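Written out below as structure tokens is the structure these notes cover.
Just so you know, all these numbers are worked out from the coordinates, no wet-lab data involved. Just so we're clear, the structure is a prediction, and the values are computed from it rather than from any experiment. Heads up, the Cβs are rebuilt from the backbone with ideal geometry, glycines too, and the neighbour counts pull from every protein chain shown.
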Amino acid sequence: MKKIFNWVLIILQVLFLFTAYGIQMFSMKKMGMMRYVIYINQQWEAKYPIETLQTISIVLLVLLSIIIILYALIKKDNEIGRKKALPMLLVEVIVTLAFVFFALFFSPENYRSYYFTSLALAIVALIQDIKTIVYLKNLSV
């Protein structure tokens, strides 16, 4: 059951990344997709406090990653030395840093599908955090 849960989450992560890439690719090549993405960007900017949501999501994902790493370090059994714990923690840090880097250094002006890609990267980072938490929790049981 645990392996099925892990594979389903991996497939979800890959689907989110492919979707973000596809939206960006088609928004650069197809005029209809470009117009739709620009329209959605304007709608979201008008409806939601994007800067606030972006800052909150960055802070929450970074704090969650730090808490997970500290939890793994503080554990009695030294979970990081385990076979699968270290790669999961490294992937978690890489995905979170990719989201933070993308969110801080890109904008809707220079990357049309910025909001879609940012949302997809945040979801992928959150899924990776959940996978790591579940894995570390199962080790301590």
**Q.** Simple spin-label estimate for ASN138 and PHE18 in nanometres, 7 Å along Cα-Cβ
**A.** 2.4
Q.
Between VAL8 and LYS75, what is 0.36 nm times their sequence separation minus the Cα-Cα distance? Round to one decimal in nm.
A. 21.4 nm
Q. Under the Karplus relation 6.51 cos²θ - 1.76 cosθ + 1.60, θ = phi - 60°, what is the ordered set of whole-Hz ³J(HN,Hα) values for the range 43-52, x standing for Gly and Pro?
A. 5, 5, 5, 6, 8, 10, x, 4, 4, 5
**Q.** Rounded Å value of the spacing that divides the Cα centres of the range 1-54 and the range 93-113
**A.** 12
Q | Mean Cβ count within 10 Å, highest first, over the residues of peptides 16-25, 128-137 | A | 128-137, 16-25
Q: Figure the gain on full extension for TYR48 and PHE26 (residue separation times 0.36 nm, minus the Cα-Cα span) and round it to one decimal in nm.
A: 5.4 nm
Q: May I have the count of lysine pairs in the chain with C-alpha atoms under 19 Å apart, counting pairs 8 or more residues apart or located on different chains?
A: 18
Q.
Projecting each Cα onto the charge dipole of the chain (Lys/Arg +1, Asp/Glu -1 at the beta carbon, about the Cα centre), which of LEU97, MET33, ALA72 comes out farthest on the positive side?
A. ALA72
Q.
I need TRP7, TRP44 ordered by Cβ neighbour count within 10 Å, fewest first.
A. TRP7, TRP44
